[in-house]
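Q: Before anything else, here's the structure in question.
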Amino acid sequence: MRKFFIKLMVAGALLGAASLFFAVSINVPDLNKFEERKIAQSTKIYDRTGQILLYDVHGDEKRTLIPFEKIPRHIKNAAVALEDDNFYSHYGFRPLSFLRAVITNLLRGNFEHGGSTITQQVVKNTLLTPEKTIIRKIKEIIIALKLERTYSKDEILNAYLNQIPYGSGAYGIEAAAETFLGKQAEDLTILEAAYLSALPNAPSYYSPYGKHRKELDDRAYFTLEKMRRLGFLSEKEYESAKGQKIQFVPYRTQGIIAPHFVIEVKDELNKKFGEDVVERGGFRVITTLDVGLQRQAEEIINKYAEANEKNFNAKNESVVAISPKTGDILAMVGSRDYFDMEREGNFNVVTAHRQPGSAFKPFVYATAFKKGYTPETMVFDLPTEFNPLCNMDGKPAVPDLEEDKCYHPQNFDEKFRGPVSLRESLAQSLNVPSVKTLYLAGLEDSLATARDFGITSLNDPQRYGLTLVLGGGEVSLLELVSAYSVFANDGMRNPYRYILKIEGAGGETIFTPETAPQEVINNNIARAINDILSDNKARAPSFGEFSALYFPGKKVAAKTGTTNDYKDAWVVGYTPDIAIGAWAGNNDNAPMEKKVAGFIVAPWWHEIVEYALINFPNEGFAAPDQLAPVNSDKPYLRGEWRGNKEFIVDKISGKLATKYTPQDMLEKRVVYEIHSILYWVDKSSPQLKNWEDPIRSWASANKLFDQDESVIPKNYDDVHIPENFPKILKVQLIPQKNIYQNGDTIVLRPVFESKFGVQQIDYFANEEYVGGTKKYPFEIVFLLNNLQESNVKIKLKAYDAVGNIAEAYLDLKKEN
């Protein structure tokens with residue numbers, strides 16, 4: 001004890017001498033700096049509502065200054081009650097408190113406890129360096145005393161509440177409220193104010209995400225009790241606050257929400273303004289992110305992650321969602337877990353270039369449609385060698401040609417289907433017909449379509465060749481989904497965007513993105529692609545009627561993609577209001593199990609889309625018009641694969657149809673001549689032989705032999721001609737009157753003759769159907785009622801056994 005008092009006396013003497021010396025001679029920082037000092041305000045990145053803070057850009061610091069009058073009373077009172085309950089009565093320094101701190105420090109052998117007033121804390125956090133020494137402490141006291149003579153108590157308290165560190169990089173009450181509670185300071189409850197006021201004393205120790213949550217709770221409720229004792233709270237307010245529960249923002253998201261997305265936003269800002277300006281400019285950035293969809297996507301990926309890794313060796317997943325009508329990026333999950341450094345979680349697969357597999361096919365088919373092909377156009381799904389220098393067995397046909405230069409792709413199920421339409425081929429993701437479609441559409445033109453849609457990475461056509469349609473090039477998930485959005489938006493492209501608005505530190509708008517939608521493809525072609533990709537019946541033979549691509553009662557266009565080496569699996573789907581693309585694989589390009597994307601990705605992609613369909617509008621696709629005229633002189637464009645010479649016969653007579661042949665009696669026939677579509681399009685193509693040989697073999701095996709024009713009838717239909725039409729000779733009216741009245745019942749009895757026998761007669765009054773009969777004598781009972789006209793025109797329409805039609809008319813006079 002004696003040694004302790006000796007230490008205390010020595011410390012007191014040193015303190016007195018040091019205080020006198022420093023008060024007279026030390027270089028004290030200019031107090032004007034306090035007023036002139038421009039505090040660096042951090043740029044804040046928000047979701048699309050402007051309410052949810054995604055990230056605060058200030059290195060490790062987050063700051064937002066708010067006026068003193070906007071800080072609620074209970075926040076000010078909580079700080080004063082807990083940190084300095086004599087704040088409004090002292091002169092900046094409390095000797096007794098300081099003495100207690102000195103004694104504690106001497107006992108512990110350090111200088112951690114300072115007994116600082118709020119004024120001293122302002123000085124410490126704004127004007128002085130952070131080292132903890134006796135000299136700096138004396139300097140702090142001297143400046144605090146001078147500060148109190150220069151500024152009002154409210155000004156000092158305002159400086160304190162705007163700059164004190166609360167932990168997790170939050171400086172000031174506004175930043176603390178956003179960081180820990182996801183709200184603004186003016187919206188804090190009394191209980192929340194007490195909790196935040198409890199943090200500055202030891203931010204790491206009292207952190208709500210640390211090991212000392214109970215100690216934080218105790219300190220917060222101690223603050224409430226002290227506020228009540230000092231008269232800052234009424235008994236009712238105190239009891240109400242005690243009865244509430246506090247909800248902190250989850251730890252993972254309290255520092256950053258949607259981290260991959262936020263990093264992309266930061267890059268955009270840095271490119272636009274420069275990194276230093278972004279960190280210190282105090283911008284308020286409103287982004288395109290929908291936090292609800294983002295969190296749902298993260299949760300669903302996490303839900304399936306373990307099973308995907310166990311069952312498919314897929315250790316990573318990513319997803320991105322875009323609004324086709326604006327280009328807004330609504331959600332972005334770049335990897336399974338951003339914070340998992342062992343798995344390179346911070347790597348953003350959404351922006352990385354990977355092979356898309358069959359997910360690239362729609363751009364090739366759209367190019368084919370631009371060239372006049374249609375969803376009904378037929379190609380043959382048969383084994384085909386696409387290198388003219390190779391034989392059908394996949395072996396080189398010329399010396400010195402390496403075998404790997406031959407190219408004969410397989411379908412995913414290693415089956416071949418014969419003639420299929422482009423609709424069936426795209427919907428079922430058939431490879432051989434798709435390679436043929438690329439050849440017909442043209443490699444360069446297909447790449448041009450992709451570029452028009454916003455895909456910028458495909459710049460080496462010689463490397464891709466015909467493999468392009470099966471994903472031979474590399475694209476990013478972000479650009480791919482953005483490109484699919486063009487289909488969803490009727491051919492109009494809105495480039496993807498991250499930011500909706502940027503405000504300066506003063507609240508002024510300094511940036512809003514330009515919106516300039518551009519039509520990059522005819523809307524009817526876009527609608528045709530939408531119609532195919534949302535046609536569940538067309539894709540069912542490959543995927544099943546109730547696959548994960550199907551949404552009962554709703555039209556969702558969808559396309560899968562799996563690379564040949566099973567390193568990448570994709571699903572992209574969309575409605576007119578949202579496009580969502582998902583990927584699974586491994587960052588190191590290790591192959592997955594040999595399963596298609598429908599197994600690996602589609603189930604969890606389906607759950608994300610289901611959420612979107614509930615929470616976003618779903619207006620439905622516009623129906624496409626037919627791409628090729630019905631009477632086109634190129635039957636192969638309309639889906640006729642049996643030959644290129646058509647003729648129309650009457651079904652009854654078997655002779656050539658005439659203008660009198662009823663529509664339902666017309667039958668279109670073709671002179672059989674089974675060839676590839678290339679035979680009709682370009683007989684000079686070097687590919688022709690390799691396309692033709694398997695088709696001719698297939699036709700022979702199926703006994704489909706060529707015909708000549710002798711199969712075309714020489715005579716014209718003689719059944720459906722005017723002289724064979726039934727004749728209605730007259731119509732008997734029972735009773736017979738000159739003028740009828742409403743409410744009269746009339747029997748209509750026709751008298752007729754017909755070569756082929758009358759089968760049915762229908763009756764109309766003023767062109768409105770009133771009844772029909774198939775039973776002789778074909779009379780009906782007609783109630784003359786509710787007809788306003790004074791002259792009622794009765795029409796009879798008679799049908800014979802071969803489809804000939806005759807009509808007869810009579811007028812009835814009716815009393816008004």
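The values are calculated or read from the model by the stated rules, or taken from the named source; none is laboratory data. Please read these numbers as outputs of a predicted model, since none were measured by experiment. No Cβ is skipped: glycine too gets one built from the backbone with ideal geometry, and neighbour counts run over all protein chains shown. Calculation scope for accessible area: heavy atoms of the full protein, side chains included, ligands and nucleic acids excluded. Shrake-Rupley method; radii C 1.70, N 1.55, O 1.52, S 1.80 Å.
Q: Order the peptides 345-352, 575-582, 236-243 from the highest to the lowest mean number of other Cβ atoms within 10 Å of their residues.
A: Answer by packing, highest mean first, reads 575-582, 345-352, 236-243.
Q: Tell me which lysines have Cα within less than 16 Å of LYS730's Cα, excluding those fewer than 8 residues away on the same chain?
A: Leaving aside lysines fewer than 8 places away in the same chain, those within reach of LYS730 are LYS793, LYS795, LYS797.
Q: Using modelled amide H (1.01 Å from N, peptide plane; none on Pro or chain starts), what sits under 5 Å from the amide H of GLU519, excluding residues fewer than 5 places away?
A: ARG493
Q: Here is a follow-up. For the chain, what is the calculated [θ] at 222 nm in deg cm²/dmol (nearest 500), taking -39500 (n - 2.57) for each run of four or more DSSP H residues and dividing by its residue count?
A: When only DSSP H runs of four or more count, the value is -10500 deg cm²/dmol.
Q: Can you list residues whose amide H is under 5 Å from ASP744's amide H, if they're 5+ apart or on another chain and H is modeled 1.01 Å from N?
A: Amide H to amide H, under 5 Å and 5 or more residues apart or across chains, ASP744 pairs with LEU784.
Q: Could you name the aspartates and glutamates in cross-link range of LYS554, using Cα to Cα under 12 Å and dropping any fewer than eight places away on the same chain?
A: Straight-distance partners of LYS554: ASP535, GLU610, GLU619.
Q: Does the stretch 593-646 come out rounded, prolate or oblate, given a ≥ b ≥ c as the square roots of the eigenvalues of its C-alpha gyration tensor, rounded meaning a/c under 1.5 and, failing that, prolate meaning a/b above b/c?
A: oblate
Q: How far is the Cα center of the stretch 543-573 from the Cα center of the stretch 579-652, in Å?
A: The two parts, judged by their Cα centres, are 10 Å apart.
Q: So, one more: Please report, in whole Å³, the volume per residue of the convex hull around the C-alpha atoms of the stretch 624-730.
A: So the per-residue hull volume is 149 Å³.
Q: While we're on this one: State the percent of C-alpha pairs, over all pairs in the stretch 205-322, separated by a distance greater than 23 angstrom.
A: 60
Q: Quick check: the distance between the Cα centres of the stretch 186-251 and the stretch 705-724, to the nearest angstrom?
A: 95
Q: Sticking with this one: Rolling a 1.4 Å sphere over the protein heavy atoms, what is the accessible area per residue of the stretch 292-363, to the nearest Å²?
A: In whole numbers, the stretch 292-363 has 38 Å² accessible per residue.
Q: Excluding residues on the same chain fewer than 8 positions from LYS594, give the lysines whose Cα lies under 28 Å from its Cα.
A: The qualifying lysines are LYS303, LYS310, LYS315, LYS361, LYS395, LYS405, LYS415, LYS436, LYS537, LYS559, LYS567.
Q: Take the Cα gyration tensor of the stretch 259-417, multiply each eigenvalue by 5, square-root it, and list the three semi-axes largest first, rounded to whole angstrom.
A: 43, 21, 18
Q: Let me ask something additional. Can you tell me which of 255-266, 420-431 comes out highest on packing, and rank the rest after it, using the mean Cβ neighbours within 10 Å?
A: So the peptides 255-266, 420-431, ranked by packing, come out 420-431, 255-266.
Q: Now for a different question. Taking 4 °C and 1.567 mPa s as the conditions, I'd like the Stokes-Einstein D for the stretch 192-239 in µm²/s, using the Kirkwood hydrodynamic radius from alpha carbon pairs.
A: Here the translational diffusion coefficient equals 118 µm²/s.
Q: At q = 0.05, 0.06 Å⁻¹, what base-10 log of I(q)/I(0) does the Debye formula yield for the chain when every alpha carbon is treated as an equal point scatterer in vacuo?
A: -0.50, -0.64
Q: Now for a different question. Carbon and sulfur together cover what percent of the accessible area of the chain at a 1.4 Å probe radius?
A: Carbon and sulfur atoms account for 50 percent of the accessible area of the chain.
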